[in-house]
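Presented below is the structure to which this report refers.
Here, each number is a calculation from the coordinates, and none is a lab measurement. If you're wondering where the values come from, they're calculated on a predicted model, not measured in any experiment. Here the Cβ is made from the backbone with ideal geometry for all residues, glycine too, and neighbour counts use every protein chain on show.
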Amino acid sequence: MASTLDPIAPPRTCPACSSDRLGSAPIARFRGCVDCGHVWAPPTEVDNTMFEAEDYVEWRTASGAQQRRQARIAADRLRWVAGSLPASGRSLELGCSTGEVVQALAERSWEAYGVDLSAAAVAAGAARHPRARLAVGTGPTDAGFPADGYDLLCAFHVVEHLPDLDAFAGLARSALVPRGLLYLRLPNWDSWSRRALGSHWPDLVPEHLHHFSPSSMTRWLDANGFEVVRLATRGDAREWVGGLRRRLTRTDTSAGACRPLGPRAHVALGVSQRVGRPWFRLEERYDRGSELLVAARLR
Ligand SMILES: [Zn+2]
């Protein structure tokens, strides 16, 4: 993949909290905010062709075990916000891939929509999940879906890819009903895995332009009219295993990592996840897990 990190217009204020007290970040190409701790790369023309490639999707549909795994992840993701959701409503997932979360909501009588850049993912998802309304696009209107009236807007591992955070916040505000729920999951810059693995942290890839921590996420949401109702981190073996692998293979941060894992890697991850459980619980207790989860209501 071509590197796309040439700066085009470096911002003079923090994209998360608008502070003008900027500094450098521990990784050379990033800037950091002294006030909220947000870390970001200069805005770029982003190359999203990797998400449009067929092999990005193939692994999700390769086997029954893989499909069951995706369904399990979707159920876990919804369980985390179940207490904050109405019994039914209208939902939209941005970056829905093969649509397991959309399908899970549709099965609960939600009017559930999902958009993704990958035509292959949308086609595979539509074939397997007949109740999910899936289409290619970056937002509801370019997919031909209703522009607004959503009770839930989900974006999992999407926000860190976006060059323009303000545009995303604006879309979320206009798509959601008042008191509607925005639900995001993304890498946690304040994680112990990031601190320990340094430049080998697998989330340091050219396509990740924004790195949020619990504090910068809260500031960004607050500045954009959202009130955080739940925030947590999740300890995960993936970053540790991926980081150690990068270290052993001396892979640097210019290599893309949003790549599918093979079946053997999934088995290794499953074992690491079980063995490392006490450690991951400790990470979660101190908000230092590798994944940041947040649910916020539009004021
Ligand atoms: Zn800031």
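How large is ³J(HN,Hα), in whole Hz, for each residue of segment 290-299 in order, when computed from phi with the Karplus curve 6.51 cos²θ - 1.76 cosθ + 1.60 and θ = phi - 60°, using x for Gly and Pro?
Going residue by residue, I get 6, 10, 9, 10, 9, 10, 9, 9, 5, 5 Hz, with x marking Gly and Pro.
Rule-of-thumb check for the chain: C-alpha Rg over 2.2 N^0.38 Å?
The reported ratio for this selection is 0.96.
So how do 140-149, 105-114, 203-212, 124-133 stack up, highest first, on mean other-Cβ count within 10 Å?
Details: 140-149: 15.1, 105-114: 21.2, 203-212: 23.5, 124-133: 18.2.
Final packing ranking: 203-212, 105-114, 124-133, 140-149.
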